Structure formats: C-alpha cells, structure tokens
Amino acid sequence: MHGTEKPSDWLQRWTHLLAPGSTVLDVACGAGRHMRHLAALGHRVTGVDRNPEALALAQGSGPVVCADIENGPWPFAGQTFGCVLVTHYLWRPLLPVIASSVAPGGVLIYETFAAGNETVGKPSRPDFLLKPGELLRVTGDLLTVAYEDGFESSPERFVQRIVAVRPAQTGDVERWRLQPA
C-alpha cells in the first residue's frame, strides 16, 4: 500500500528547511509514511487522502481528513501551512491551490512522476505525468530552492521535484540559500 515505504529521500534531504514545530499538510498522504517521519521530527502534521483504509494507518501521526480533493471542495480553504508536501500525486487543477497553501516562511516539497515515465513503467498516462518545467511554472510566486527534472535509475523512473519557499518578508531570501558543504 502507498504510504508504507520509507520516507522519500527528497523529503529527508530538505526537511531542515522547515521551522521547528511547523504545521505540515501531507497531500494524498496514503498510509502516512511522511506523516510519521515529520511527526517524529516534532512537526504538527495533517494528512489528507480519499482512501479510508490508508488513513486508518496514518492517523497515529496526526489528524487525517478523508476527502476526495479531485471532485469535492478543498478541505483546507483559507488555511496555510509551514510546509505542504506532495509525493507521487498529480491533479493539475489543485496545483495553484497547493502552492497558495504555503504560509509565509513556509516550504513546498513536491515530487512526482514526469514525462518520459511512460517509457519505463507506470504511471504512463499524460494526465499523471508532469510536463517539462511544469512545477517551476506553477510555483512562480515562490522562491525555488531546488529543482530536478529527469531520469533516475533506481528504480527506473522519470521524476520532477521542487523545493520552493514563500519568504516571510522582503529580504528573507538569505535563510533559504544553500550553505556550502
């Protein structure tokens, strides 16, 4: 079942950007693999998914909302979060809503399949594959910290990933600059 694997390497790489004790929204959270990880780091995590069986596994890490976000209203209208997380999920009509749900000082961490994946496996329908540069376009009012778009070999898949932030105030850019290793 989706949500029982280890947390995404992309998420683990960028969680240091979250302010301590951040409110986090895990969109299409499945069984809560990322909820568990982020809750263990001290964040207040809420998950949303349409699968009640998956949510039953996720609910120990924070509140969960069972909602069909593709056909029903967005259950978090007017709310913003210190982090909005999306992995392996794409519903284009929600992309602007997801981006606008990032609070000032907050982080968007998004990772899903991209065009080209149809040559190596599923998903293969264009509806479920990001077009080249698509995440950059829909997060235009956020500051991009990291972006990847391409093929990876283990497992074989085409992915697109972004970490973007909404600065809390003008001049808040320095906090998001990468520090040399």
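Observations on the model:
- Label-to-label distance, nm, for residues given as residue 88 and residue 148 (7 Å Cα→Cβ offset): 1.6
- Beta bridges per DSSP with both ends in the range 9-171, % antiparallel, nearest 5: 45
- Fully extended contour minus Cα-Cα distance, from residue 141 to residue 120, at 0.36 nm per residue: 4.3 nm
- Between residue 70 and residue 40, the simple spin-label model (points 7 angstrom out along Cα→Cβ) gives 3.0 nm.
- Note on the range 1-119: with charges restricted to the Cβ of Lys and Arg (+1) and Asp and Glu (-1), its dipole about the Cα centre is near 320 debye.
- Efficiency of FRET between residue 6 and residue 59 - r from beta-carbon atoms, R0 25 angstrom, step 0.05: 0.80
- Available extension along the chain between residue 131 and residue 79 is 15.9 nm, counting 0.36 nm per residue and deducting the alpha carbon span.
- Percent of alpha-carbon pairs separated by more than 20 Å within the range 60-162: 42
- Distance between the range 42-93 and the range 10-35 - C-alpha centres, whole angstrom: 11
- Scaled to the globular estimate 2.2 N^0.38 Å, the Cα spread of the chain, given as radius of gyration, is 0.98.
- Projecting the Cα atoms of 167, 144, 75 onto the charge dipole of the chain (Cβ charges, centred on the Cα centre) puts 167 farthest toward the positive pole.
Where a number appears in this text, it was derived from the coordinates with a stated rule and is not lab data. Everything quoted here is computed from the prediction, not taken from an experiment. Here the Cβ is made from the backbone with ideal geometry for all residues, glycine too, and neighbour counts use every protein chain on show.
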